[in-house]
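S.K.: There's a structure below that I have some questions on.
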């Protein structure tokens, strides 16, 4: 059954912040459209993240309208009315009559009235805050309505002259999590950590990647999560060198590593954890050393997660540590500064060290400081934004040695290691939200195969 918030006050406050940030005009923010999997089978519905952040409402076929300065009320919600014959098939609905009180909006109307009421709502309001490209069906309606109003300008029906995307305003607000959001993320992290522990315990040679995936996602649901926040990566052996491997069809082999990248979604907020452990319960000497290098890179990177330090610092710290390790292993030649400058390390570490985390697993928010002309400044010269309390980032260094790389010793080929945690920036430094998930060599070895 679709849910609505026990307390609509935080969502009302978010709408007020967005209205205050809008210079004027009207914002139209729809939720996601239902999606068909195939035939007449629908995928499980997930609301649009911006819409949910502003409403706390997760039914399909709904549109939020924020009309700045409207005397009758600035927040209007168009939603599905109660309809017993349809609810028998698709589940109970909140309904128009209960929506205002439940969600704290000023007015609620049937979604069927949205098109008819739109010209009146748009009239005399400029700019129109609407994000194109997400809902092609609504894009056409919005543009047609604006065009029709412009044809009637002599009747005193001025149309919006400007179209602005509201998402930059919303995403900057979403970047800084409030207490309720952090509570949901801590729960998602706790559930995810428990699932990783269960997977470690269940690991032994002959178990299928698909069985690890099934166990993890069972744990998510068993503990109250909505399911996975993204497609689970259960990658054994050489599959761990494929960054977004999701087939999960191979059997785990003795002596190899198992990389699990999996996070739960709780109250629509994501966790994102990666751990790498030995299928047979003990790391080989080579595996252990690679894991230790990645762990040290992550430790140093996490030290950079604190207020005032820029987002790039964690990545730079991780890269330097990984390069030191690769030189120690004699997999690279030169000095640390040389391999960083010539980027030869990217053979073995080709992704960033982290990303924002929140309602989306790669969450909303700019990575670069404001005031820069991103249209003319080369990407390498852009300044990354400083971290601030309330931001949540992942820290996920790794090393990956291709199975067919004949330029490295055989014992490294097909070896992939990634360690990832979710880290909250606090006023005094940071908090590792996923600290309950073991990652040190001894902790992991003590768990594997004990189920």
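S.K.: Mind counting the residues in region 53-68 that are closer than 19 Å to residue 21 by Cβ and buried (at least 19 other Cβ atoms within 10 Å of the Cβ)?
M.R.: Of the residues in region 53-68, the ones closer than 19 Å to residue 21 by Cβ are 53-55, 64-68.
Filter once more, so that each one left must be buried (at least 19 other Cβ atoms within 10 Å of the Cβ): 53-55, 64-67.
The number of residues fulfilling the criteria is 7.
S.K.: Next question. Residues that are under 28 Å from the mean Cα position of the chain (by Cα) and under 30 Å from residue 207 (Cα atoms): find the helices (runs of 4 or more DSSP H) completely inside region 257-351 holding 1 or more of those.
M.R.: Numbers: elements: 285-303, 312-328, 336-341.
Filter on region 257-351 gives 285-303.
S.K.: With the requirement that a residue be under 20 Å from residue 181 (Cα atoms) and either out of contact with any strand residue (DSSP E or B) (no Cβ under 8 Å at 6 or more places or on another chain) or not in a loop (DSSP other than H, G, I, E, B) (or both), what does region 367-399 give you?
M.R.: In the first step, residues of region 367-399 are kept if they are under 20 Å from residue 181 (Cα atoms); the result is 387-395.
Within region 367-399, 392, 393, 394, 395 meet the criteria.
S.K.: Out of all the residues in region 201-232, which are farther than 22 Å from residue 444 by Cα and crowded, with 21+ Cβ neighbours inside 10 Å?
M.R.: 225, 228, 229
S.K.: Another question, if that's okay. Could you identify the single residue in 314, 402 that is farther than 17 Å from residue 295 by Cβ and touching a residue at least 24 places away in the same chain (Cβ under 8 Å)?
M.R.: Details: 314 fails: farther than 17 Å from residue 295 by Cβ.
Only one candidate qualifies: 402.
S.K.: Ok, one more. Kindly provide the set of residues from region 427-450 that are assigned to a strand (DSSP E or B) and touching a residue at least 60 places away in the same chain (Cβ under 8 Å), ordered by number. Give the steps one after another, and end with the answer.
M.R.: Applying the first criterion (assigned to a strand (DSSP E or B)) to region 427-450 yields 429-432.
Correct list: 429, 430, 432.
S.K.: Being in the same structural domain as residue 434 (by TED's automatic domain parsing), modelled with pLDDT of 95 or more and farther than 30 Å from residue 278 by Cα, is that true of even one residue in region 183-201?
M.R.: Of all residues in region 183-201, those in the same structural domain as residue 434 (by TED's automatic domain parsing) come to 183-201.
After this cut, where a residue has to be modelled with pLDDT of 95 or more as well, the list is 183-201.
After this cut, where a residue has to be farther than 30 Å from residue 278 by Cα as well, the list is 183-184.
Yes, the conditions are met somewhere in region 183-201.
S.K.: Within region 113-141, how many residues turn out to be more than 28 Å from residue 20 (Cβ to Cβ) and in contact (Cβ under 8 Å) with a residue 12 or more places away in the chain?
M.R.: Our first condition is that a residue be more than 28 Å from residue 20 (Cβ to Cβ); within region 113-141, this holds for 115-116, 136-137, 140.
Add one more test, that the residue is in contact (Cβ under 8 Å) with a residue 12 or more places away in the chain, and what stays is 115, 137.
Count: 2.
S.K.: Using the structure shown, decide if residue 107 is at pLDDT 95 or above, touching a helix residue (DSSP H, G or I) at 6+ places or on another chain (Cβ under 9 Å) and surrounded by fewer than 16 Cβ atoms within 10 Å (Cβ to Cβ).
M.R.: Working: at pLDDT 95 or above: yes; touching a helix residue (DSSP H, G or I) at 6+ places or on another chain (Cβ under 9 Å): yes; surrounded by fewer than 16 Cβ atoms within 10 Å (Cβ to Cβ): no.
The answer is no for residue 107.
S.K.: Of the residues 363, 373, which is at pLDDT 95 or above and either assigned by TED's automatic domain parsing to the domain that holds residue 194 or more than 17 Å from residue 307 (Cα to Cα) (or both)? It would help to see each step written out before you state the result.
M.R.: Working: 373 fails: at pLDDT 95 or above.
Only one candidate qualifies: 363.
S.K.: For region 114-141: of the residues being out of contact with any strand residue (DSSP E or B) (no Cβ under 7 Å at 6 or more places or on another chain) and part of a loop (DSSP other than H, G, I, E, B), which is farthest from residue 33 (Cα to Cα)?
M.R.: 124
S.K.: Scan region 320-346 for residues that are surrounded by 13 or more Cβ atoms within 10 Å (Cβ to Cβ) and free of Cβ contacts under 8 Å to residues at least 40 places away in the same chain and jot them down. Walk me through it before giving the result.
M.R.: Our first condition is that a residue be surrounded by 13 or more Cβ atoms within 10 Å (Cβ to Cβ); within region 320-346, this holds for 320-327, 329, 331-332, 334, 336, 338-340, 344-345.
Across region 320-346, the qualifying residues are 320, 323, 324, 327, 332, 334, 336, 338, 339, 340, 344, 345.
S.K.: Turning to a different aspect of this structure: So residue 424 fits all but one of (1) under 17 Å from residue 295 (Cα atoms); (2) surrounded by 21 or more Cβ atoms within 10 Å (Cβ to Cβ); what number is the exception?
M.R.: Among (1) under 17 Å from residue 295 (Cα atoms); (2) surrounded by 21 or more Cβ atoms within 10 Å (Cβ to Cβ), residue 424 violates only (1).
S.K.: A further question on this structure: Does residue 407 satisfy being farther than 30 Å from residue 178 by Cα and either out of contact with any helix residue (DSSP H, G or I) (no Cβ under 9 Å at 6 or more places or on another chain) or assigned to a loop (DSSP other than H, G, I, E, B) (or both)? Outline the logic, then answer.
M.R.: Details: farther than 30 Å from residue 178 by Cα: yes; either out of contact with any helix residue (DSSP H, G or I) (no Cβ under 9 Å at 6 or more places or on another chain) or assigned to a loop (DSSP other than H, G, I, E, B) (or both): yes.
Yes, satisfied.
S.K.: To continue, here is another question. Determine whether region 142-165 contains at least one residue that is closer than 19 Å to residue 21 by Cβ, part of a helix (DSSP H, G or I), in contact (Cβ under 8 Å) with a residue 24 or more places away in the chain and touching a helix residue (DSSP H, G or I) at 6+ places or on another chain (Cβ under 8 Å). Before the answer, list the steps.
M.R.: Here is the first cut: in region 142-165, the residues closer than 19 Å to residue 21 by Cβ are 160, 162-165.
The next check asks that each one be part of a helix (DSSP H, G or I); those that pass are none.
The answer is no, given that none of the residues of region 142-165 is closer than 19 Å to residue 21 by Cβ, part of a helix (DSSP H, G or I), in contact (Cβ under 8 Å) with a residue 24 or more places away in the chain and touching a helix residue (DSSP H, G or I) at 6+ places or on another chain (Cβ under 8 Å).
S.K.: Moving on to the next point. Determine, yes or no, whether residue 193 is out of contact with any helix residue (DSSP H, G or I) (no Cβ under 8 Å at 6 or more places or on another chain), surrounded by 21 or more Cβ atoms within 10 Å (Cβ to Cβ), under 22 Å from residue 424 (Cα atoms) and in contact (Cβ under 8 Å) with a residue 12 or more places away in the chain. If you could, list the steps in order and put the result at the bottom.
M.R.: Values: out of contact with any helix residue (DSSP H, G or I) (no Cβ under 8 Å at 6 or more places or on another chain): yes; surrounded by 21 or more Cβ atoms within 10 Å (Cβ to Cβ): yes; under 22 Å from residue 424 (Cα atoms): yes; in contact (Cβ under 8 Å) with a residue 12 or more places away in the chain: yes.
Against the criterion (out of contact with any helix residue (DSSP H, G or I) (no Cβ under 8 Å at 6 or more places or on another chain), surrounded by 21 or more Cβ atoms within 10 Å (Cβ to Cβ), under 22 Å from residue 424 (Cα atoms) and in contact (Cβ under 8 Å) with a residue 12 or more places away in the chain), residue 193 qualifies.
The values are calculated or read from the model by the stated rules, or taken from the named source; none is laboratory data. Just so it is clear, the model here is predicted, and its values are computed rather than measured. All Cβ positions, even for glycine, are placed from backbone atoms using ideal geometry, and neighbour counts span all protein chains on display.
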